[in-house]
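Take a look at the structure below.
The values are calculated or read from the model by the stated rules, or taken from the named source; none is laboratory data. Keep in mind that this is a model prediction, so the values were computed, not measured. Cβ placement follows ideal geometry from the backbone for every residue including glycine, while neighbour counts extend to all protein chains displayed. Areas reflect the complete protein model, heavy atoms only, side chains present, ligands, DNA and RNA absent. Shrake-Rupley method; radii C 1.70, N 1.55, O 1.52, S 1.80 Å.
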Amino acid sequence: MIVVTGATGNVGQPLTRALVEAGEEVTAVSRRPVDVPAGVRHVQADLSEPESLEPALDGAVALFVLTSSDFMTNGDLGDVMAAVRAAGVRRVVLLSSQGVGSGRHPAVLEDAVTQSGLDWTMLRPGNFDSNTFQWAGSVRARRVVAAPFGDVALPAVDPADIAEVATLALREPGHNGAIYTLTGPEPISPRQQVAAIADALGEPVRFMEQTRAEARARMLDHMPEPVVEATLAILGEPSAAEQRVSPDVERLLGRAPHTFAEWASRNVAAFT
């Protein structure tokens, strides 16, 4: 049995579906009640309260770990790993961040996993295609997007590609101790993303460039300040490594990563 935390999210949902389609027994973990695919067991639990995970971990052989944005303040992944080890789980796949590799983000979560004594795999995606869901309301209402750094391009990754890589790492041997950097097939700027959304809609969408200060104020509404500052630094002044396309998705999946245009077409209903 495989346990998926963050099962309601943009990675957790396709991962749960992929595991079920592969014939795996799956337990989906979320902090709130939620509908899950047929045959999937749901357990309501919070990583910030490791004891709440015990029912989910019973009989599990592998765990996918996705922490919430407030976990760094309220949680301790070392305590979670202790509970996982006590439950007899053998393998952990952590959704980390490309920012850990570049030094933008702290390595505390990865350290807790690598020091756990369990088999582990790190997934380090950069910018997600699904981050543009934050534009959906303004696109629906006014066909406009406000975002900073309009012409700075990053190789944003499709969460479905992350889920496929996670499926491999959770189910197959050969991934212990591996660190995978996950990107899309090419760098794409916010202005180009808006154009792709407009193409998917078949209607024009106007791009309005925010200042850094305007973007920071908005992000502080739902993200801790250190994460905001690190994110703005990546979005506005990415390093060469952060703009580089990683070969890992294509090497692992045997196909090119999905483009942002493909993601936008698949998710156009959110912007309609």
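General observations
- Springs join every pair of Cα atoms under 10 Å in this Gaussian network model of the chain, and among Asp46, Asp79, Asp111 the largest mean-square fluctuation is at Asp111.
- Positive dipole terminus of the chain, leading residue within Met1, Thr231, Pro190 (C-beta point charges): Pro190
- Taken over the C-alpha atoms, the chain has Rg and Dmax values of 18.5, 55 angstrom.
- Rounded to 5, percent antiparallel among DSSP beta bridges of segment 119-272: 10 percent
- Antiparallel DSSP beta bridges within the chain, as percent of all bridges there, nearest 5: 5 percent
- Area accessible to solvent at Leu252, 1.4 Å probe radius, in Å²: 40 Å²
- For the residues Met81, Met72, a 1.4 Å probe over the protein chains yields an accessible-area ranking, largest first, of Met72, Met81.
- Computed with a 1.4 Å probe over protein heavy atoms only, the accessible surface of segment 178-252 comes to 54 Å² per residue.
- Only helices enter the 222 nm calculation for the chain: every DSSP H run of n ≥ 4 contributes -39,500 (n - 2.57), and dividing by all residues gives -10500 deg cm²/dmol, rounded to 500.
- Beta bridges per DSSP, both residues in segment 1-100: antiparallel share near 0 percent.
- Positive-end extreme of charge dipole, segment 1-149 - chosen from Ser102, Val36, Gly88 (charges on Cβ): Ser102
- Placing +1 on each Lys and Arg Cβ and -1 on each Asp and Glu Cβ, with no other charges, gives the chain a dipole about its Cα centre of roughly 540 debye.
- Three-way shape label, segment 205-272, alpha-carbon gyration tensor, a/c 1.5: oblate
- With every protein chain in place, the chain: carbon and sulfur % of accessible area (1.4 Å): 49 percent
- 3J(HN,Hα) couplings calculated from phi for segment 9-20 with the Karplus curve 6.51 cos²θ - 1.76 cosθ + 1.60 (θ = phi - 60°) are, in sequence order, x, 5, 9, x, 5, x, 5, 4, 4, 5, 5, 4 Hz; Gly and Pro show x.
- Look at the dipole of segment 223-272 built from charges on Cβ: of Gln243, Asn267, Gly254, the Cα furthest out on the positive end belongs to Gly254.
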